[in-house]
Amino acid sequence: MTQLEWMAQGVGIVAMAFNILSFQQKTPKRVITFQFFGSVLFALNYLLMGALVGMCMNIVGIVR
């Protein structure tokens, strides 16, 4: 694996952690905040992997 692939995997793991932790939050504002950062990191993950369609789908999810 190249260094870029390692970075992409690391970003993906952090993004997954944000999305999992969003279900543990007590207020709706914190849930949305954690899911927002998870989606941003997943978009970055897909960008680093070269999967532009996946990145665009996550950007649409962020805007939604």
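Hey, can you tell me all the residues within the stretch 1-11 that are exposed (fewer than 13 other Cβ atoms within 10 Å of the Cβ) and touching a residue at least 40 places away in the same chain (Cβ under 8 Å)?
Listed by number, the residues that qualify are Leu4, Glu5.
Please go through the stretch 17-48 and give me each residue that is open to solvent by 50 Å² or more (accessible area, probe 1.4 Å), among the polar types (S, T, N, Q) and within 20 Å of Arg64 (Cβ to Cβ), ordered by number.
Thr33, Gln35 - these are the residues of the stretch 17-48 that are open to solvent by 50 Å² or more (accessible area, probe 1.4 Å), among the polar types (S, T, N, Q) and within 20 Å of Arg64 (Cβ to Cβ).
Would you mind finding the one in Val63, Val14 that is modelled with pLDDT of 95 or more and open to solvent by 50 Å² or more (accessible area, probe 1.4 Å)?
Details: Val63 fails: modelled with pLDDT of 95 or more.
Just one listed residue meets the conditions, Val14.
To keep it simple, each residue is scored yes or no on (1) within 12 Å of the chain's Cα centre (by Cα); (2) not small (Gly, Ala, Ser).
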site: Leu4; (1), (2): no, yes
site: Val14; (1), (2): yes, yes
site: Asn19; (1), (2): yes, yes
site: Gln25; (1), (2): no, yes
site: Phe34; (1), (2): yes, yes
site: Gly54; (1), (2): yes, no
site: Gly61; (1), (2): yes, no
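The values are calculated or read from the model by the stated rules, or taken from the named source; none is laboratory data. Owing to the predicted nature of the structure, the values given are computational and were not obtained by experimental measurement. Virtual Cβ from ideal backbone geometry, glycine too; neighbours counted across all protein chains shown. Note: areas computed on protein heavy atoms with side chains; ligands, DNA, RNA excluded. Shrake-Rupley method; radii C 1.70, N 1.55, O 1.52, S 1.80 Å.
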